[in-house]
Amino acid sequence: MKIKLLFIIILSLPIYLYSQIIPSCSQLFISEYLEGWGNDKGFEIYNPTSDTVYLWNYAVKRYGNGSATETESLPLSGWIAPYDVIVACNGQTDSIDMGTWWSPAVSPNLYAIADLHDTLYPAVCYFNGDDAITLERSGFAGWDILDCI
């Protein structure tokens, strides 16, 4: 009997130790982002919980060109089912003459798979390499950053 108990403890120990090292996710996070050609830009937000998360108090914000304050914000809407994602992308469906440059339309394929679409320029999904993108939730003391890329 003692040998069986010892054997069970020895087999269970690595599982217990591993579960203590790897923290569990309890908040939404940005699970993927896309920065393709032109304005083919977007991101995916994952719900790692067993609960449906309603998005009325969440937003994705862009801090452009290394700014310490947000330059654009995309309020989220709808919900994310447990262990599911939502996809948001640039919402510009036509190329636009900006005077000194052309702003190309987002790919129709990317636009079709997205759950949410950003607004026309300037907006969150016009990010590039020197912009920080955050996923934030509104709380009693203001906005809390849940994730940042």
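Here the label points at ALA112 and ALA141, each 7 Å from Cα along the C-beta direction, are separated by 4.7 nm in the simple model.
Under a model in which nothing but the beta-carbon of Lys, Arg (+1) and Asp, Glu (-1) is charged, region 19-149 shows a dipole of about 160 debye around its Cα centre.
Shown is the FRET efficiency for TYR54 and MET98, computed with R0 = 41 Å from the Cβ-Cβ distance and rounded to the nearest 0.05: 0.70.
Put the Cα centre of region 86-111 next to the Cα centre of region 40-79 and the gap is 19 Å. Given axes a ≥ b ≥ c from the Cα gyration tensor, I'd like to know whether region 40-127 is rounded (a/c under 1.5), prolate (a/b larger than b/c) or oblate. Judged from the Cα gyration tensor, region 40-127 comes out oblate (a/c at least 1.5, b/c at or above a/b).
Each value in this text was obtained by applying a stated rule to the coordinates, not by laboratory testing. Note that the structure is predicted; figures quoted are calculated from it, not measured. Note that we place each Cβ from the backbone using ideal geometry, even for glycine, and neighbour counts take in every protein chain shown.
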